[in-house]
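Peer 1: I have a structure I would like to understand better, so I am pasting it below and will then ask my questions one at a time.
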Amino acid sequence: MEENKNEQPLSGPGSTPFAQTYFHGTKADLKIGDLIQVGFNSNYGLNKNAKYIFLSATLDAAIWGAELAFGEGRERIYLVEPTGVLEDDPDLTDKKFPGNPTKSYRSIHPFRVVGEITIWQGHPTAQVKAMTAHLERLKEQGINSLNDE
C-alpha cells in the first residue's frame, strides 16, 4: 500500500480515557470482541467482498453507514477499536469533503467491537431516501466507490 500522509497512528496498548472513539455503522449483528474484517460482503457499493473496512470518529457518519447499509437487519452503531493503521477514506476526503471533516477512515486491518451505541437519532426519512436515490443515480452512471476497485 502506498504511503498516505493522512494515516492515523494508533495509541499504545490498552485503552485510556483520552483514546479516540471510533464508530462503525452496519446492519450486521455483532458481539463485543468480534472482529470486523476485510474479505466479507461489503455493506455498500458493489456488494462484493470488501477490500477495506470503514469507521468514523463522528457518530453522524456512522449513522449514515448504518442507514445506507445493505440488508434487512436492524441498523446498528458499534464502538470499535482499530488493530492497525487507518487512512482517510478517499471517497469522502478526495471527492466530497477535502480535509476529512467527517473523520471517515478505512483500513485493511480488523476492527474489534468494544461496545454498541443503542440509543441514537437517525436522519429524517426524506433525507435518507434522497441520499439513497443520489447513490443509485451515481451507480447508474457507472460511478462506483474508489474503494471497490
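Peer 1: Could you check residue 39 against (1) surrounded by 12 or more Cβ atoms within 10 Å (Cβ to Cβ); (2) at pLDDT below 90 and say which number it fails?
Peer 2: Single failed check for residue 39: (1).
Peer 1: Of the conditions (1) within 16 Å of residue 23 (Cβ to Cβ); (2) in contact with a Ser or Thr (Cβ under 8 Å, 6 or more places away or on another chain), residue 120 clears all except one; give me its number.
Peer 2: Unmet condition: (2).
Peer 1: For the structure I just gave you, tell me whether residue 132 is loosely packed, with under 15 Cβ neighbours inside 10 Å and modelled with pLDDT of 90 or more.
Peer 2: When the stated conditions are applied, residue 132 does not pass them.
Peer 1: Say we look at region 42-67 and pick out the residues that are on the phi < 0 side of the Ramachandran plot and small (Gly, Ala, Ser); which of these is modelled with the lowest pLDDT?
Peer 2: 42
Peer 1: Restrict the check to region 95-109 and report whether at least one residue is at pLDDT 95 or above and of a type outside the set (A, V, I, L, M, F, W, C).
Peer 2: The answer is yes, given that some residue of region 95-109 is at pLDDT 95 or above and of a type outside the set (A, V, I, L, M, F, W, C).
The values are calculated or read from the model by the stated rules, or taken from the named source; none is laboratory data. All of these numbers come straight from a predicted model, not from anything done at the bench. Counting neighbours? That spans all protein chains shown, and the Cβs are built from the backbone with ideal geometry, glycine included.
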